[in-house]
Amino acid sequence: MCNVKDKVIVITGAGGVLCSAFAQELAKYGAKTALLDLNLIAAQKCADVITAAGGKAKAYESNVLDKEGLEKIRAQLHKDFGKCDILINGAGGNSPKASTDKEYYCDGDLNAEIKTFFNLDKSGFSFVFDLNIMGTVIPSQVFIQDMTGRKGCSVLNISSMNAFRPLTKIPAYSAAKSGVSNFTQWLAVHFAKEGIRVNALAPGFFVTQQNSALLYNADGTPTPRTGKILAATPMGRFGKDEELLGALMFLVDETKSGFVTGVILPVDGGFSAYSGV
Ligand SMILES: NC(=O)c1ccc[n+]([C@@H]2O[C@H](COP(=O)([O-])OP(=O)(O)OC[C@H]3O[C@@H](n4cnc5c(N)ncnc54)[C@H](O)[C@@H]3O)[C@@H](O)[C@H]2O)c1
């Protein structure tokens, strides 16, 4: 059970794998879901699934980096559903332009035709920092305005395992998610007196379109990285999307987590607890 009936929940990145599952679950409990995504077709597909099941959803084409665009969506949201009660900052991701080819730098790499730390493109870092950090900050600026002076409102950000300890090859994404966790705590403190709770989920490893090329070869066999991840996950497997839903429902449900704010909750099969020995 999740007490979100008639709550207006804005979800960014709602056309994606994890957030479309979040939206569908929250709509089952009577939430009015506003599905924001750069990819309107994906968001609309999720809205169609929800409405076909009798839930409430509306898709909005939006860029989390475009404050004016988000303000227009907020005005439209007020007409469609009312003020935002809960914001889920789900849009995020990495870029191959900000990933090294190898885990460790070795002598001679500089002259090889590979992406080393030294030749990573600044635009790759900027893209990843913008999408994950500013893509959390800007929607928060826009939609938390709806929450001030009202009860039962909260924000849920999506951090990552990278935030606790960086993963190899993806320096920008690791630093950016660390920033998301830090910003979650800052925001939680800043809005505590208003009663607006701010928390984050830190998913472990879930296979999605973003990371599937890193985890599986084209022929479907697992990559060496998959072997390392599973060896470092005490539960010995990837997470299933639905295994994030309990943590999601706990953190957005005021009646269950009304005194929980500033928390980064790992859902990771023990990955963040394991030293490797
Ligand atoms: N999949 C995992 O294992 C995993 C693990 C940890 C954290 N995460 C985080 O969870 C969140 C969701 O991940 P996912 O795997 O479902 O990703 P996904 O790629 O399936 O979905 C991301 C969605 O965000 C949208 N998007 C991208 N840029 C946008 C922008 N500028 N404005 C609005 N929408 C934009 C995309 O169109 C896409 O629909 C992300 O923040 C991701 O970093 C994922």
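The values are calculated or read from the model by the stated rules, or taken from the named source; none is laboratory data. Note that the structure is a prediction, hence the values are computed from the model and not measured. No Cβ is skipped: glycine too gets one built from the backbone with ideal geometry, and neighbour counts run over all protein chains shown. Accessible surface areas use protein heavy atoms only, side chains included; no ligands, DNA or RNA. Shrake-Rupley method; radii C 1.70, N 1.55, O 1.52, S 1.80 Å.
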**Report entry** Any pair with Cβ under 8 angstrom, 6 or more apart, that starts in the stretch 99-112 at a residue that is hydrophobic (A, V, I, L, M, F, W, C) and ends at one that is surrounded by 12 or more Cβ atoms within 10 Å (Cβ to Cβ) and part of a loop (DSSP other than H, G, I, E, B)
**Finding:** LEU110/THR116
Query - PHE118 being within 16 Å of the ligand (Cβ to nearest atom) and open to solvent by 70 Å² or more (accessible area, probe 1.4 Å) - result: no
Query - Residues satisfying the stated conditions in the stretch 178-201, i.e. polar (S, T, N, Q), open to solvent by less than 50 Å² (accessible area, probe 1.4 Å) and either over 19 Å from GLN145 (Cα atoms) or more than 19 Å from the chain's Cα centre (by Cα) (or both) - result: SER178, SER181
**Report entry** Neighbours by Cβ (under 7 Å, 6+ apart or cross-chain): first from the stretch 29-49, at negative phi; second buried (at least 23 other Cβ atoms within 10 Å of the Cβ) and among the acidic types (Asp, Glu)
**Finding:** ALA43/ASP37
Report task. Working carefully through the options THR12, THR33, find the one that is within 22 Å of ASP253 (Cα to Cα), touching a Pro at 6+ places or on another chain (Cβ under 6 Å) and open to solvent by less than 20 Å² (accessible area, probe 1.4 Å). Result -> THR12
Query raised in the report: Just checking, which of GLU71, GLU61, GLU25 is surrounded by fewer than 17 Cβ atoms within 10 Å (Cβ to Cβ), closer than 30 Å to GLY258 by Cβ and within 16 Å of the ligand (Cβ to nearest atom)?
Result: GLU71
